[in-house]
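Report on the structure given below.
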Amino acid sequence: MKKRNLLLSILGLMTFVGVSVEAEGAHRFVPEPKTDVPTDSIILSDPAVLAEPATGTYYMTGTGGLLWKSHDLKLWDGPFAVAEVDTTSWMGSHPAIWAAELHKYGDKYYYFATFTNDDLIIEENQEGKIPRRASHILVSDKPEGPYRPVSKADYLPADRPTLDGTFWVDTDGKPYMVFCGEWLHNQNGTIEKIELSSDLSHPVGEPQLLFRASDSPWSREMINGKEQFNRVTDGPWLFRTDTGRLGMIWTSWVLGDYTMGVAYSESGTLDGPWIQEPEPITPPNYGHGMIFQDLNGHTILSAHSHADINGRYIRRPNFWEVDLSGDKLRLVRKLEN
């Protein structure tokens, strides 16, 4: 329903000349970098942007584990290979990389991404064989990388598939990973949190549930001819409004349309309770978003468009200016690519 075979679809649609590279034993195909590539020519799921004033540069990554660089959010150089994995870990030699994000924390840059080892099956149920999938954290001294694992620690449970880890420092001053428990495990996706050590090298304690897919009033799907809640939870991202209200954007489906919604925490902390907005925030077929401040001080939402063409997902980065001045996130205008 979500990202199965997505990486293969993306690579199959690439028009770049490719080269092969070795990264700590991982043999991977990487498209030959180009310059001044328009945003609407880039095929990329889950686009996440880090704006770095010190270099006057936007760094964009996402599914596939590659990096693009721009000075205006319109023309991009790339893609560049920046992620190096520990091939002796559970990830193996050729992990798929999904939903990568860049976060500056202290004086370092951190790369949160979901890794999948299709050769390591952890569960078999009505959905078939479920491979091991989980988020891990890489680190670099520079925003352009290279990014290498912070540690060998497992951040998330090994016995169920998890994905789309993101970063948040809560009001208690502690860092957390907020992530999704994949619907393939129990037919009702979750969004959860786990505390991280101060250096982000390992988890502290056990995951705690924030909410379930079934809590959403807007996401729907048909199963056996009957409409019900959609089982998918995807792409959480935390933000605060100018009034200090804590919100979370996340993505699911409205029948056949990939769509993003918003929830707000009544306590102002990750502990919630989380109250779901009744209607989605994006138009149909836009999702997996994140929020950043551009180099001119505007608040920007990035997300990908979603088209299913002959069974292949085609997704491209899109940007909106948003308003956080009140108690709620509001889309102002879609930016031209």
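The values are calculated or read from the model by the stated rules, or taken from the named source; none is laboratory data. Predicted model only: the values in this text are computed from it and were never measured. We place every Cβ from the backbone using ideal geometry, glycine too, and count neighbours over all the protein chains shown. All accessible areas refer to the heavy atoms of the entire protein, side chains included, with ligands and DNA or RNA removed. Shrake-Rupley method; radii C 1.70, N 1.55, O 1.52, S 1.80 Å.
Mind counting the residues in the range 146-160 that are within 27 Å of L246 (Cβ to Cβ) and either of a type in the set (D, E, K, R) or under 18 Å from the mean Cα position of the chain (by Cα) (or both)?
Result for the range 146-160: 3.
Within the bounds of the range 52-60, is there any residue that is charged (D, E, K, R), touching a residue at least 24 places away in the same chain (Cβ under 8 Å), closer than 14 Å to K142 by Cα and open to solvent by less than 20 Å² (accessible area, probe 1.4 Å)?
yes
Only one residue in I137, I194 is crowded, with 17+ Cβ neighbours inside 10 Å, among the β-branched types (V, I, T), at pLDDT 95 or above and closer than 20 Å to P95 by Cβ, so which one is that?
Checking each option against the conditions leaves just I137.
Going by the conditions given, is S216 in contact with a strand residue (DSSP E or B) (Cβ under 6 Å, 6 or more places away or on another chain), among the polar types (S, T, N, Q) and farther than 16 Å from A134 by Cβ?
So S216 passes the test.
Criterion first (modelled with pLDDT under 95 and over 16 Å from S140 (Cα atoms)) does H27 satisfy it?
Judged against the criteria, H27 is a match.
Quick check on L184: is it out of contact with any Gly (no Cβ under 7 Å at 6 or more places or on another chain) and either closer than 22 Å to H103 by Cβ or in a strand (DSSP E or B) (or both)?
So L184 does not fit the description; no.
Of D86, D72, D119, which residue is farther than 20 Å from D164 by Cβ, acidic (D, E) and part of a strand (DSSP E or B)?
That would be D119, the only listed residue that is farther than 20 Å from D164 by Cβ, acidic (D, E) and part of a strand (DSSP E or B).
Among (1) open to solvent by 40 Å² or more (accessible area, probe 1.4 Å); (2) hydrophobic (A, V, I, L, M, F, W, C); (3) not in a strand (DSSP E or B), there is one condition V204 misses while meeting the rest; what is its number?
In the conditions (1) open to solvent by 40 Å² or more (accessible area, probe 1.4 Å); (2) hydrophobic (A, V, I, L, M, F, W, C); (3) not in a strand (DSSP E or B), V204 misses (3) alone.
Taking the range 313-323 as the search range and keeping residues that are hydrophobic (A, V, I, L, M, F, W, C) and open to solvent by less than 20 Å² (accessible area, probe 1.4 Å), which one is farthest from V37 (Cα to Cα)?
The residue in question is V322.
Only one residue in T39, T35, T87 is of a type in the set (V, I, T), over 18 Å from the mean Cα position of the chain (by Cα), at pLDDT 90 or above and crowded, with 18+ Cβ neighbours inside 10 Å, so which one is that?
Step by step, each of T39, T35, T87 is checked, and only T39 is of a type in the set (V, I, T), over 18 Å from the mean Cα position of the chain (by Cα), at pLDDT 90 or above and crowded, with 18+ Cβ neighbours inside 10 Å.
Determine if the range 290-312 includes at least one residue that is open to solvent by 40 Å² or more (accessible area, probe 1.4 Å) and of a type in the set (D, E).
Yes; the residues of the range 290-312 include at least one that is open to solvent by 40 Å² or more (accessible area, probe 1.4 Å) and of a type in the set (D, E).
Return the only residue of F239, F179 being surrounded by 21 or more Cβ atoms within 10 Å (Cβ to Cβ) and under 24 Å from Y109 (Cα atoms).
Going through F239, F179 in turn, just one is surrounded by 21 or more Cβ atoms within 10 Å (Cβ to Cβ) and under 24 Å from Y109 (Cα atoms): F179.
Filtering the range 107-130 down to residues that are farther than 21 Å from E84 by Cβ and not β-branched (V, I, T), which residue is surrounded by the fewest Cβ atoms within 10 Å (Cβ to Cβ)?
That would be Q126.
Checking P284 against (1) farther than 27 Å from A307 by Cβ; (2) assigned to a loop (DSSP other than H, G, I, E, B), which single condition isn't satisfied?
(1)
May I ask you to list the residues in the range 258-275 that are touching a residue at least 40 places away in the same chain (Cβ under 8 Å), open to solvent by 10 Å² or more (accessible area, probe 1.4 Å) and part of a strand (DSSP E or B)?
Residue satisfying the conditions is W274 alone.
So A153 clears everything in (1) in contact (Cβ under 8 Å) with a residue 12 or more places away in the chain; (2) open to solvent by 10 Å² or more (accessible area, probe 1.4 Å); (3) out of contact with any His (no Cβ under 6 Å at 6 or more places or on another chain) except one condition, right? Which one?
Against the list (1) in contact (Cβ under 8 Å) with a residue 12 or more places away in the chain; (2) open to solvent by 10 Å² or more (accessible area, probe 1.4 Å); (3) out of contact with any His (no Cβ under 6 Å at 6 or more places or on another chain), A153 comes up short only on (3).
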